[in-house]
1. Once the other residues with Cβ under 11 Å from the Cβ of S13 are scored (Lys, Arg +1; Asp, Glu -1), what is the net sum?
2. Quick check on the chain: helices-only [θ] at 222 nm, where DSSP H runs of length 4 and up contribute -39,500 (n - 2.57) each and the sum goes over total residues. Nearest 500, please.
3. In nm, what is the difference between 0.36 nm times the number of residues separating T209 and S63 and their Cα-Cα distance?
4. On a 1.4 Å probe surface of the protein chains, which of F132, F10 comes out largest in accessible area, and what is the full order?
5. For segment 61-101, what's the radius of gyration and Dmax over Cα atoms, in angstrom?
6. Given a 1.4 Å probe, how much area per residue of the chain is accessible, in Å²?
7. For D72, D26, give me the order by solvent-accessible area with a 1.4 Å probe, most accessible first, ignoring ligands, DNA and RNA.
8. How do T88, T165 stack up against each other in accessible area, from largest to smallest, with a 1.4 angstrom probe?
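The values are calculated or read from the model by the stated rules, or taken from the named source; none is laboratory data. What you see is a predicted model, and the numbers here were worked out from it, not measured in a lab. Here the Cβ positions follow ideal geometry from the backbone for every residue, glycine too, while neighbour counts run over all protein chains shown. Note: accessible area is taken over every heavy atom of the protein model, side chains too, but ligands, DNA and RNA are not part of it. Shrake-Rupley method; radii C 1.70, N 1.55, O 1.52, S 1.80 Å.
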Amino acid sequence: MKDLLKVFIFGISGAVGRLLARKLTDRGDIVCGLVRRDDQRAELAAGGADAYVGELADLTAESLAAMISGFDAVVYTAGSNGGDREVTAAIDGDGVMRTLEAMSLAGVARFTLVSVLPEAGRGQRLDDDVEFYFAVKKLVDVTVSESVLDWLILRPSMLVDRAGTGAISLGPAQPHDEIAREDVAATLLELLHEPRLRRQILEVNQGSTPISAAVQANVR
């Protein structure tokens, strides 16, 4: 019998979050998340996942702790994608910090953060808002890596909307290329079900190694 997980996803209504929720529920795992609208909650319910409705930026650590209490793992896929600075600070920065505090309050240890390759966008003319986004993401990665949680940081190369191949390149350092969101979600699924993979920063790119084999190759 498969070991089933209870997973809470911040960013469950986003592209990667929705794909991950679907893969987890298809496997039989219990999935919940936070959405902004009732129609998003209804859509998730139709796929077998539950959700709370609220604005992440408006919720306290205590409120978040009540939501995630009893879950085995928290995945944070929410992000601003380099938009308005205020949104970036609230979601990519403060939102993660508040989630870490909530996990401490709730006694939940496993935390997986979807971050960004530091090389993304290098060589291009990036505006100040995007530069701010990269700076916030880096500082958050540092904070997570210094936490006492059972953390894992996944940095994907450029995300694209196409069918996944089921094969990736995964390791401590990868070139910045591109990868299907579906393959990132499938990678997250495998990572969540491999508890020996912990306290690591992994970068993921398109590649030729089957996802399960790529994950197992990084077990230390």
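1. Neighbourhood net charge equals +2.
2. Mean residue ellipticity, 222 nm, calculated: -11000 deg cm²/dmol.
3. Additional length available on full extension: 48.5 nm.
4. F132, F10
5. Just the Cα atoms of segment 61-101 yield Rg and Dmax of 11.4, 34 Å.
6. Ligands and nucleic acids excluded, the figure is 47 Å² per residue.
7. D26, D72
8. If we order T88, T165 from most to least accessible, we get T165, T88.
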